[in-house]
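Below is one structure, written out as C-alpha cells; the observations come after it.
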Amino acid sequence: MSFNGMIEFRNENLDSIQTQTAGQQDEYTRIWQDVQRQIMGLVAAGQVDAQIGATLEERDRIFQQQAAGYDDSVTSQNTAIRNVQNIGNEGGAAMVRAAAGGRA
C-alpha cells in the first residue's frame, strides 16, 4: 500500500515465515516416516532384532505426541502472524488516509 509513492507498508516477509514453517513441518514428518519405514523393513527382513520394532513403535508414539504439540504451536504462531499482518494493514491504511487528509 502506498501514498503517492512516499509511504509503503509491506508484510511479504511474514508470509514467507509461515510458508517456511509449514515446509519444515512437512519435511520432518517425511524424514521420520522414511526412517521408520527403513527400520521396519530391516526388522521384517530379519536383519535387525524384532525388539527394535517394539522400541520404534514407542518412539513413534512419542514423536507423534511431540509433533502434534509443535504443530499446535506453529498453528498458533501463524494465527499471530496473520493478526499482526491485519493490524499492520489496517494501521497502514489509516495512516495513508490521514496523510491524504481523510479520516483515520
Worksheet item: Cβ under 13 Å from Gln64's Cβ, Gln64 left aside: what net charge do those residues give with Lys, Arg +1 and Asp, Glu -1?
Response: -3
Fill in: Residue-wise HN-Hα coupling along segment 47-54, computed from phi with Karplus coefficients 6.51, -1.76, 1.60 (Hz; x: Gly, Pro)
8, 9, 4, 4, 4, 5, x, 5
Fill in: Label point distance in nm, Ala100-Gln20, each placed 7 Å from Cα along Cα→Cβ
3.4 nm
Worksheet item: Near Gln85, within a Cβ-to-Cβ distance under 14 Å, what is the net charge of the other residues, with Lys and Arg +1 and Asp and Glu -1?
Response: -1
Item to complete: Compute the separation of the alpha-carbon centres of segment 56-104 and segment 9-27 and state it in Å as a whole number.
Response: 10 Å
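Values in this text are rule-based calculations from the coordinates and carry no lab data. The structure displayed is predicted, hence computed values, not measured ones. Heads up, the Cβs are rebuilt from the backbone with ideal geometry, glycines too, and the neighbour counts pull from every protein chain shown.
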